[in-house]
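Colleague: Following this message is one structure expressed as structure tokens.
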């Protein structure tokens, strides 16, 4: 199932390792849109990885500032810095909102510091979702972004807990947000599925959390995405 497209192959593999659900949904995209999605996801994976790996707040802040400045340079028309993810992203940046990266970096900083982590996870999810929708050539639906961010962000927060969070009120909020996602996605064009399709996996993760697990088997996720793509319903 793995796809490799020239110099993007290594980034494709990075995204698959780091953000498999978004990677799976991107398999449904045309080649140009897939390359844009992988470039976005590769940058977001690198930014998110800082919070997971760097334990010294000052060092983490420096690394995040490096990414913020590097992305700002690209959106101001400067050549990208010598990093594969930035070089891939630079080819597509002209059609994407640069301010989304500021939101993402601020959110990831807060999430890593456990500072209002639930809200931060939703902000991060919303920034990536908005970028991905633009990458697929569709106008970003604010309702879909907000509801998708709320559902996926809270799900991310719950899955990051040890043991996985399974509070009834949190599960109920994810369920309600997912209903909102399905409603908002009804009018979405089929071309948008590669950017939003992973939201169809929310029920699987809810079931896993209720069972005290944070993961759900890959074959189940693949089948769920195939069904959602075929029916056009998340």
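Colleague: Pairs please, first residue from the stretch 61-81 and within 17 Å of residue 110 (Cβ to Cβ), second anywhere and in a loop (DSSP other than H, G, I, E, B), Cβ atoms under 7 Å, 6+ apart in sequence or on different chains.
Modeller: 63/54
Colleague: Oh, and also: Mind telling me which of the residues 6, 77 ends up being at pLDDT 95 or above and at positive phi?
Modeller: Just a single option satisfies the conditions, and that option is 77.
Colleague: Any residue at all in the stretch 28-42 that's assigned to a helix (DSSP H, G or I), without any contact (Cβ under 8 Å) to a residue 24 or more places away in the chain, more than 16 Å from the chain's Cα centre (by Cα) and more than 22 Å from residue 194 (Cβ to Cβ)?
Modeller: So the first thing to find is which residues in the stretch 28-42 are assigned to a helix (DSSP H, G or I), and the list is 31-42.
After this cut, where a residue has to be without any contact (Cβ under 8 Å) to a residue 24 or more places away in the chain as well, the list is 32.
Subset that is more than 16 Å from the chain's Cα centre (by Cα): 32.
After this cut, where a residue has to be more than 22 Å from residue 194 (Cβ to Cβ) as well, the list is none.
Scanning the stretch 28-42 turns up no residue that is assigned to a helix (DSSP H, G or I), without any contact (Cβ under 8 Å) to a residue 24 or more places away in the chain, more than 16 Å from the chain's Cα centre (by Cα) and more than 22 Å from residue 194 (Cβ to Cβ).
Colleague: Something else now. Is it the case that residue 49 is over 26 Å from residue 225 (Cβ atoms) and either part of a helix (DSSP H, G or I) or at pLDDT below 95 (or both)? Write out each step before concluding.
Modeller: Details: over 26 Å from residue 225 (Cβ atoms): no; either part of a helix (DSSP H, G or I) or at pLDDT below 95 (or both): yes.
Answer is no for this residue.
Colleague: Quick check on my filter: what residues within the stretch 191-203 are surrounded by fewer than 17 Cβ atoms within 10 Å (Cβ to Cβ) and under 21 Å from residue 29 (Cβ atoms)? Explain how you work it out, then say what you get.
Modeller: Looking only at the stretch 191-203, we keep the residues that are surrounded by fewer than 17 Cβ atoms within 10 Å (Cβ to Cβ), and these are 191, 203.
Selection gives 191 alone.
Colleague: Which of the residues spanning the stretch 85-109 are assigned to a helix (DSSP H, G or I), in contact with a helix residue (DSSP H, G or I) (Cβ under 7 Å, 6 or more places away or on another chain) and farther than 14 Å from residue 47 by Cα?
Modeller: Listed by number, the residues that qualify are 88, 90, 93, 95.
Colleague: Here's a follow-up. Which of (1) under 25 Å from residue 200 (Cα atoms); (2) more than 14 Å from the chain's Cα centre (by Cα); (3) in a helix (DSSP H, G or I); (4) touching a residue at least 40 places away in the same chain (Cβ under 8 Å) does residue 13 not meet, given it meets every other one?
Modeller: (4)
Colleague: Confirm whether residue 180 is closer than 20 Å to residue 99 by Cβ and either touching a helix residue (DSSP H, G or I) at 6+ places or on another chain (Cβ under 9 Å) or modelled with pLDDT of 90 or more (or both).
Modeller: In short, no.
The values are calculated or read from the model by the stated rules, or taken from the named source; none is laboratory data. Treat the numbers as computed from the prediction; the structure is a model and nothing was measured. Reconstructed Cβ throughout: ideal geometry from the backbone, glycine too, with neighbour counts over all protein chains shown.
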